[in-house]
1. Does Ser207 meet the test of being more than 25 Å from the chain's Cα centre (by Cα) and of a type in the set (Ser, Thr, Tyr)?
2. Here are some conditions: (1) farther than 26 Å from Glu10 by Cα; (2) in a helix (DSSP H, G or I). Arg106 meets all but one. Which one does it not meet?
3. Taking region 121-145 as the search range and keeping residues that are assigned to a helix (DSSP H, G or I) and basic (Lys, Arg), which one is surrounded by the fewest Cβ atoms within 10 Å (Cβ to Cβ)?
4. Just to check your reading of the model, which residue among Val148, Val76 is in a helix (DSSP H, G or I), assigned by TED's automatic domain parsing to the domain that holds Leu45, in contact (Cβ under 8 Å) with a residue 12 or more places away in the chain and of a type in the set (A, V, I, L, M)?
5. Test Thr26 against the criterion of being polar (S, T, N, Q), modelled with pLDDT under 90 and exposed (fewer than 14 other Cβ atoms within 10 Å of the Cβ), and give yes or no.
6. So Ser71 passes all but one of these: (1) in contact (Cβ under 8 Å) with a residue 24 or more places away in the chain; (2) within 21 Å of the chain's Cα centre (by Cα); (3) in a loop (DSSP other than H, G, I, E, B); (4) closer than 30 Å to Gly269 by Cβ. Which condition number does it fail?
Amino acid sequence: MHSTFILDEEFFENYTSEHTRNNYRTDLNKFFEFLSENYPKLKGLPDVERNHIIKYRNFLSEAGGVGGRPSAPKTVARKLASLSSYFDYLVEKGLKEFNPVQSVKRPRREVLKPTQALEKEQVRALFELLSEGDKASSSRFLHKALLVTFFMTGMRKSEILHLKYRDYREINDFKVLEFIGKGGKVGQKVLHPMCVEALEEYLQWMSDQGRKHETEDWLFQPTRNPKDPTNLNKPLNPRTINEIVAGYGKKIGLNFSISPHSARATFIGELLEAGVDIYSVAREVNHSSVKTTQEYDKRRKKLSDSPISKLNY
């Protein structure tokens, strides 16, 4: 990063999520890098104008992605939102007279690639494989509980990763998972009986291994730890979760790679296809806007669904 552009660390203190802070830091450093390479005579952020932001937006849209490819419109919009938040902060601190990002047009939230959601038959094949299990594998109960939770709750990887045993609770005869979502908001997810069954099997297996969960223990724990075999009461590694999900996708013969987000996309798409209204689905998965939920709508528009039949002059 060019020494002319230095981040004010106080800005990040306003965000409770480390993930959010890291995203902001990455977005801002990318912008500073762009300025340093294209506008070496700029003395600092007070000199940044609307024109610089527009040029940066166009750069992202044309060649600012991985390998010089275009960034997705959603990514461009997020990066501009990060810049706008930072410039708002600078204005508030009296370090900038105005926010140059405010009047810059954002791209429409369109998806450049599919969400890698699974079809219903593919999810059934996955669940059948998980139910049969590899009897010789000590991880089969963990894998089943983990994947069924992903596909039957639509929760984000970070939300599932940080679950404690105390978060698995019963409220008014409903089994629920209580979790910390985006922005530090506490959410509750009512569990499908299939999910409850998978979790109970996993917890019983853990107990049989002499690893009965206590209140403050992590819910999903690794079955082994080569570096420190005695230290198993810890959250799963995010990379390990990705490998588990992708591995089962290959086992059922998928010709594309899946991730925890594929499970979330599948969950949202199936609810919409089942006729659940989009506002209810958005609330269920903690989307701040239904526009985000619409990106996962895989329902095919049929001629018979046309509202024209409702006309009656």
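The values are calculated or read from the model by the stated rules, or taken from the named source; none is laboratory data. Everything quoted here is computed from the prediction, not taken from an experiment. Virtual Cβ from ideal backbone geometry, glycine too; neighbours counted across all protein chains shown.
1. yes
2. Among (1) farther than 26 Å from Glu10 by Cα; (2) in a helix (DSSP H, G or I), Arg106 violates only (2).
3. Arg124
4. Val76
5. It is false that Thr26 is polar (S, T, N, Q), modelled with pLDDT under 90 and exposed (fewer than 14 other Cβ atoms within 10 Å of the Cβ).
6. (1)
A quick yes/no check of all residues on (1) at pLDDT 95 or above; (2) within 17 Å of Gly133 (Cβ to Cβ); (3) of a type in the set (A, V, I, L, M, F, W, C):
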position	(1), (2), (3)
Tyr202	yes, yes, no
Gly210	no, no, no
Thr223	no, yes, no
Asn233	no, no, no
Pro238	no, no, no
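Quick grid of which residues meet (1) assigned by TED's automatic domain parsing to the domain that holds Leu126; (2) crowded, with 16+ Cβ neighbours inside 10 Å; (3) assigned to a loop (DSSP other than H, G, I, E, B); (4) basic (Lys, Arg):
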{"position": "Leu199", "(1), (2), (3), (4)": "yes, yes, no, no"}
{"position": "Met206", "(1), (2), (3), (4)": "yes, yes, no, no"}
{"position": "Arg211", "(1), (2), (3), (4)": "yes, no, yes, yes"}
{"position": "Asn225", "(1), (2), (3), (4)": "yes, no, yes, no"}
{"position": "Leu236", "(1), (2), (3), (4)": "yes, yes, yes, no"}
{"position": "Val245", "(1), (2), (3), (4)": "yes, yes, no, no"}
{"position": "Ile268", "(1), (2), (3), (4)": "yes, yes, no, no"}
{"position": "Gly275", "(1), (2), (3), (4)": "yes, no, yes, no"}
{"position": "Arg283", "(1), (2), (3), (4)": "yes, no, no, yes"}
